[in-house]
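Written below as structure tokens is the structure these notes are about.
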């Protein structure tokens, strides 16, 4: 039977782990609020740029943009948004599973895959399993700057412009609520043309200053960038929510373990006392 | 007096939304003045002030570049958070590529599907076990 000292030591060690996990839970809870605010602050821009893009789709533009062009796909690029830190349950793993499934599906149709990775977890994962990686952006922090993603997006868009890739997918976690995060793989390029009814199809076009090509290039690039940025900040909110839940579970588990060990400790202590008593009684009757 | 709706947003926040009788902005080809009922226009913005006039009131915002869309009843300003230049974008792109090369030095360029699925399956199994253990208690 275990001795009391050992059990006491174990309880102390679990208690200190529990302190850490409960502190992490509280940190995640406060960060979650902030990341959710950031997510909401970013929304107006993505909504407005979406409005503008849908207006443009309605205008009978003189210049059809390559982002709308459906090519026979030979190669696809996955932009994978992951977290920089672990301890957030199955958040990243569930996303990678979807990415790998989609990539395997494309592989069967003879479409190659390549990857642009955001977050340390994604780069670590693809480092161990292989795969052609075009660009990496990591350690963006809790409040990522939209400018930190320009480089990565540009690499992908340039590849598309040169005809090296024909499709792009954006893979990230969508924030449903604190308890639920939904991994999504969405097609980014070619952009899905907006659905619109016949009545709105009047003949009009913008005045473009300067050239339509230059403007649309810039604007659609911003649009893609804004989608990627929105995915990153949403993923951040997901990370903190998942971390909070994971740490809460860990804290609860530690509590259960401590309870069990305390029961064991009391058993052991009582057994020792009983034994000692019976020894004394035995000794006294022998005298 | 007729007014036009104006929205000014940047990627990290909503800057201004309201009504205006006149909007002035610095386009890439020069100063613009937009009154209600303006014909549809799409233009790039140069760094400069965007002024929103509503009657006698006027508000000004600095915009470091971006885009301006005009519909007859609506003006949308999509402001960039920082000044953008092709050379800077190029530098950022090279940085992202270099990080990729450094991070993933000397590894296989073909994705090992079997290995990837195995690794993910293992991770999922581990998570499931933890959940099961927890339910038992």
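We did not get these values from a lab; they are worked out from the coordinates using the rules stated. Given the structure is predicted, the values throughout are model-derived calculations rather than measurements. Heads up, the Cβs are rebuilt from the backbone with ideal geometry, glycines too, and the neighbour counts pull from every protein chain shown.
For chain A, relative contact order (Cα pairs under 8 Å, six or more residues apart, normalised by length) works out to 33 percent. Ellipsoid semi-axes for the stretch A:114-154, based on the Cα gyration tensor and the rule √(5λ), read 20, 13, 4 Å when sorted largest first.
Place a label point 7 angstrom from the Cα of residue A:272 along the Cα-to-Cβ direction, then list the residues of the stretch A:1-43 whose backbone nitrogen is under 12 Å away. Label zone hits: A:2-9.
For residue A:213 and residue A:256, what does the FRET efficiency come to when R0 = 56 Å and r is the distance between their Cβ atoms, rounded to the nearest 0.05? For R0 = 56 Å, the calculated efficiency reads 0.30. Angle, helix A:4-58 long axis vs. longest principal axis of chain A, Cα atoms, 0 to 90°, nearest 10? That helix lies at roughly 10 degrees to the long axis. Result for chain A in a Gaussian network model with C-alpha springs under 10 Å: among A:188, A:47, A:149, the largest mean-square fluctuation is at A:47.
On the basis of the beta-carbon distance and an R0 of 41 Å, residue B:13 and residue A:10 show a calculated FRET efficiency of 0.20. Once both axes come from the Cα atoms, what is the angle between helix A:91-108 and the longest principal axis of chain A, in degrees from 0 to 90, rounded to 10? Relative to chain A, helix A:91-108 is tipped by roughly 50 degrees. The rule of thumb for compact globular proteins, 2.2 N^0.38 Å, goes into the C-alpha radius of gyration of the protein assembly as shown 1.32 times. The protection proxy used here, the mean number of other Cβ atoms lying within 10 Å of each residue, ranks peptides A:15-22, B:126-133 as follows, highest first: A:15-22, B:126-133. If one takes the longest principal axis of the Cα atoms in chain A, at what angle in degrees, from 0 to 90 and to the nearest 10, does the Cα axis of helix A:120-129 lie? For helix A:120-129, the angle is close to 90 degrees. In terms of other Cβ atoms within 10 Å, B:28, A:120 run from fewest to most in the order B:28, A:120. Binning all Cα-Cα separations of the stretch A:93-165 at 10 Å, short to long from zero, yields these whole-percent fractions: 17, 45, 34, 4.
Dividing the Cα radius of gyration of the stretch A:43-243 by its Kirkwood radius returns 0.99 for Rg/Rh. Over the C-alpha atoms of chain B, the Rg to Rh ratio, Rh being the Kirkwood estimate, stands at 1.32. A straight chain from residue A:280 to residue A:43 at 0.36 nm per residue would run longer than the Cα-Cα distance by 77.6 nm. DSSP beta bridges confined to the protein assembly as shown are antiparallel in about 65 percent of cases.
Springs join every pair of Cα atoms under 10 Å in this Gaussian network model of chain A, and among A:266, A:253, A:235 the largest mean-square fluctuation is at A:266.
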